Amino acid sequence: MIGRRDLFGSILGILVFLGGVALLLITFREAYRMFSVPAGDALGVHAGATVDLNRAGSTFVGLIVRILLLVVMAIVSSLIANRGIQLYASSRALRTSRVPELSDEEARFVSEGGHERAG
């Protein structure tokens, strides 16, 4: 197949890229929701009330875990989108048939017109 591009690979690459972008959008939406909550509400600390350190500490650890999960989600979704771009680009490249390289002896045989010399 000389000069043929892969339609299925192109479509698959676009779909994988769009899936990665959708995952990135979900990650950004979750990050926005998480960071739009005031810090006092997120940690369960209210003005004028006594601070329960156990509750505030466990809530803080929960927030750190959520932030780390957001980072992992962002990395994974960007890798998926990047893979989609690579799939699309490789499917759009023209494929050419490869001609095997000749050994020195075969090249000499061909250059002499393909005839063996009489010994």
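The values are calculated or read from the model by the stated rules, or taken from the named source; none is laboratory data. Given the structure is predicted, the values throughout are model-derived calculations rather than measurements. Here Cβ is always computed from backbone atoms with ideal geometry, including for glycine, and neighbour counts include all displayed protein chains.
Of all residues in the range 29-49, which are part of a loop (DSSP other than H, G, I, E, B) and surrounded by 13 or more Cβ atoms within 10 Å (Cβ to Cβ)? Passing the criteria: G44, V45. Screening the range 12-41 for residues that are among the small types (G, A, S) and over 32 Å from the mean Cα position of the chain (by Cα) and picking the one that is nearest to R83 (Cα to Cα) gives A39.
Close Cβ contacts (under 7 Å, 6 or more residues apart or on different chains) running from residues in the range 59-71 that are under 14 Å from A31 (Cβ atoms) to residues that are small (G, A, S) comprise L63/A42; L70/A31.
In this structure, L63 does not satisfy being under 30 Å from V45 (Cα atoms), surrounded by 11 or more Cβ atoms within 10 Å (Cβ to Cβ) and at pLDDT 90 or above. When the range 87-101 is filtered for residues that are surrounded by fewer than 12 Cβ atoms within 10 Å (Cβ to Cβ) and either modelled with pLDDT under 70 or more than 30 Å from G19 (Cα to Cα) (or both), the ones remaining, listed by number, are L94, T96, S97, R98, V99, P100, E101.
Among the numbered criteria (1) aliphatic (A, V, I, L, M); (2) within 25 Å of A22 (Cα to Cα); (3) modelled with pLDDT under 80, which single criterion is violated by L69? Checking L69 against (1) aliphatic (A, V, I, L, M); (2) within 25 Å of A22 (Cα to Cα); (3) modelled with pLDDT under 80, the one that fails is (3).
For the range 73-88, residues that are touching a residue at least 60 places away in the same chain (Cβ under 8 Å) and of a type in the set (S, T, Y) total 1. Within the set D52, D104, the sole residue that is at pLDDT below 80, surrounded by 11 or more Cβ atoms within 10 Å (Cβ to Cβ) and not small (G, A, S) turns out to be D52. Does I26 satisfy the criteria of being in contact (Cβ under 8 Å) with a residue 60 or more places away in the chain, in a helix (DSSP H, G or I) and among the aliphatic types (A, V, I, L, M)? Criteria not met by I26.
Looking at (1) farther than 20 Å from L18 by Cα; (2) touching an Asp or Glu at 6+ places or on another chain (Cβ under 9 Å), which one does L53 not meet, given that it meets all the others? If we test L53 against (1) farther than 20 Å from L18 by Cα; (2) touching an Asp or Glu at 6+ places or on another chain (Cβ under 9 Å), just (2) comes out false. The residue pairs whose first member lies in the range 5-22 and is part of a helix (DSSP H, G or I), whose second member is among the basic types (K, R), and whose beta carbons are closer than 9 Å, counting only pairs six or more residues apart or on different chains, are G9/R92; S10/R92; G13/R83; G13/R92; V16/R83; F17/R83; G20/R83.
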